[in-house]
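A short worksheet on the structure shown next.
The values are calculated or read from the model by the stated rules, or taken from the named source; none is laboratory data. Here the structure is a predicted model, which is why all the values come from computation and not from measurement. No Cβ is skipped: glycine too gets one built from the backbone with ideal geometry, and neighbour counts run over all protein chains shown. Areas reflect the complete protein model, heavy atoms only, side chains present, ligands, DNA and RNA absent. Shrake-Rupley method; radii C 1.70, N 1.55, O 1.52, S 1.80 Å.
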Amino acid sequence: MSLPGTNLPSTVAALIPAAGSGSRLGQGPKAYVEVGALSLLGRSVAALAPYVGEVIVALPAGMELPPGLNARCIVGGPTRQASVHALLEATDARFVLIHDAARPFLPPEVIRAVLDAAQQYGAATAALPVADTLVAQQPDAQKPDAQQPDAPLWGALTPREGLWAVQTPQGFDRELLLRAHRQAVQDGIQATDDAGLVARLGLSVALVPGDARLFKVTTPGDLALARALAPVWDSR
Ligand code: CTP
Ligand code: MG
């Protein structure tokens, strides 16, 4: 069976880690926070469902899916990595799309491009070329004493050429990603994303152009931005 806008078979599952506590946002588990009458999780599920055979969500223990979502759920783990690992064990789909519930605005063309690249390369992620100047803060030990409690100071510049900021969705051959997760457990590695676990095995990960609107809602400022964008996004 073909899916809308892609030639992939329906052996694709969307896996959504949504089991975090949202500590930096400070409003309880972030997946349930509403942006323009829809939860962050609801927006992610609705965006992905048309492109996959099933959507599986990892939730905090004791929580249920918000009503009306086209998904099934499992209990997540103590870290994002553990939640994704549990999601990978909960499906036998040939390909998986991993997407953070905390990124509510997911353009269809990014979903299609990541799926296509995952099928071609085995592993792919949405990412954006870095646009800002990058600088490390000066180590506190090098500051003059008089400035100790003051603002961080400008240290070494990092050239931004060739640097990408990594987003989700990330697409994988499921067995390949499962192998990367098992190796990470064996090696005691904790990563903030899945593509990094594949890359550390020496395998290629394709970088697919993401979208500025795919930002992650992490802080109260991000939530304000998401609430401002929602009416524009919803009237597309
Ligand atoms: N996540 C998860 N299981 C965890 C921790 C995080 O499924 N044990 C999910 C979050 O729900 C989120 C995504 O991973 O969708 C990215 O994590 P992050 O933005 O860090 O969310 P939280 O961990 O909830 O936020 P914070 O770090 O501020 O507590
Ligand atoms: Mg977190």
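Numbers for the structure displayed
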item: Surface accessible to a 1.4 Å probe, Lys30 within the full protein complex, Å²; result: 30 Å²
item: Unit charges at the beta carbon, dipole of the chain: most positive-side option, Gly42, Val217, Ala113; result: Gly42
item: For Thr11, solvent-accessible area (1.4 Å; no DNA, RNA or ligand), Å²; result: 60 Å²
item: Assigned charges on the beta-carbon of Lys, Arg, Asp, Glu; the chain dipole about Cα centre (debye); result: 240 debye
item: Solvent-accessible area of Val198 with every protein chain in place, 1.4 Å probe, in Å² to the nearest 10; result: 0 Å²
item: Given charges at beta-carbon only (K, R positive; D, E negative), |dipole| of segment 178-219 in Debye; result: 40 debye
item: Value at 222 nm in deg cm²/dmol, rounded to 500, when DSSP H runs of n ≥ 4 in the chain each add -39,500 (n - 2.57); result: -8500 deg cm²/dmol
item: Rounded to the nearest 20 debye, dipole of segment 122-236 from Cβ charges on Lys, Arg, Asp, Glu; result: 300 debye
item: Accessible surface, per residue, of the chain when the full set of protein chains is kept, probe 1.4 Å, Å²; result: 49 Å²
item: List Ile74, Ile16, ordered by accessible area with a 1.4 Å probe, largest first; result: Ile74, Ile16
